[in-house]
Amino acid sequence: MSTSKSGLVLLFLVLIFAQVPCQVWGQQLKEVPTDALKPGDQAPALGFEFLVQGPHPNEVNWKTLHGKVVILEFWGSWCAPCVAGIPHLNELVSRYQGKNVQFIAVGHENPRKVAWFLKKHSIDAWVALDTDLSVYKAYSAFGIPHAVVVDQKGTVAAVLNPNNVTDTVIDAVLAGRIPAYPPLPADAYWNPETAAQYFLKVGQEEPPAQ
């Protein structure tokens, strides 16, 4: 095999295996779960154990966030599509700076591992950690990357892929309108028990030795 062909094959394998972690830790569902959040639902409580970036965890709740549109983006440092979506998130954070919009990147890993990751991949949003997975469970958010947009009154306005969180969606919610966006398919949701086991395992891993 020629050098050029070998290089193409290697690149193909790298791209394939880069996606594997987000496909092996759980079982994709064939139907959208009946308890999945939908527009019009009251947003479940936020109970974060740590904030690597942002205020004290006790200060992050729907009372203190009242009057703001909040975008919760669930992610993991091991999830290739999540990492690939960071520039899009940062672009939105910059665009809505100074407006009544708050972006919260919701991770599940320990703060040491996340702090190590952030040195290599800057996230401009608040970075909250749900290490006991209570928020992930309440938001049916194990199929990461996963986003939930909450309006100024604490009501769910959209449940969607983070790539579909656009200024059009955010502006609609700011204006009190119903946003238009592609709904999540059933396979965007995962068996919460199986996924939770993997999330807990990965979340306890320490960062590489310096």
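Which whole-Hz ³J(HN,Hα) couplings does segment 99-105 yield from phi under the Karplus relation 6.51 cos²θ - 1.76 cosθ + 1.60, θ = phi - 60°, glycine and proline marked x?
Result, ordered by residue: 9, 7, 9, 10, 9, 10, 7 Hz.
Suppose every Lys and Arg Cβ carries +1 and every Asp and Glu Cβ carries -1, with no other charges. What dipole size does segment 84-188 come out with about its Cα centre, to the nearest 20 debye?
So the dipole magnitude of segment 84-188 works out to roughly 220 debye.
Go through 139-147, 121-129 and give me the packing order, highest mean Cβ count within 10 Å leading.
Top of the packing list down: 139-147, 121-129.
At R0 = 25 Å, how high is the FRET efficiency between Ala186 and Asp124 if r is their beta carbon distance? Nearest 0.05 is fine.
0.20
Under a point-charge model restricted to the Cβ atoms of Lys and Arg (+1) and Asp and Glu (-1), what is the dipole moment magnitude of segment 134-210 relative to its Cα centre, in debye to the nearest 20?
That gives a dipole near 200 debye.
Pick out the long, greasy-scoring helices in the chain: whole DSSP H runs spanning 24 Å or more along their own axis by Cα, mean Kyte-Doolittle at least 1.0.
TM-like helix candidates: 3-19.
Please check which bits of segment 133-158 a label hung off Asp35 would reach, taking the label as a point 7 Å along Cα-to-C-beta and the cut-off as backbone N under 16 Å.
The answer is 133-143.
Could you tell me the calculated FRET efficiency between Ala138 and Ala209, based on Cβ-Cβ distance and R0 = 35 angstrom, to the nearest 0.05? Display every interim value, and only then the final one.
On the way: r = 35 Å, r/R0 = 1.00.
Here the calculated transfer efficiency is 0.50.
Can you give the longest run of the chain that contains no GluC sites (Glu not before Pro) sitting in a DSSP loop with at most 14 other Cβ atoms inside 10 Å?
32-204
Beta carbons within 10 angstrom, averaged per residue: use that to sort the peptides 152-164, 175-187, highest first.
152-164, 175-187
Which option, (1) 0.98; (2) 0.96; (3) 0.94, is the value of Rg/Rh (Cα atoms, Kirkwood Rh) that was calculated from these coordinates?
Only one option fits the structure, namely (1).
If you take the charge dipole of the chain about its Cα centre, with +1 on Lys and Arg Cβ and -1 on Asp and Glu Cβ, which of Tyr198, Ala84, Val32 is farthest toward its positive end?
Toward the positive end, the furthest listed residue is Ala84.
Coordinate-derived values only; no laboratory data. This one's a predicted model, so the numbers in the text were calculated from it and none came from an experiment. In this analysis, Cβ positions are derived from the backbone assuming ideal geometry, glycine residues included, and neighbour counts consider all displayed protein chains.
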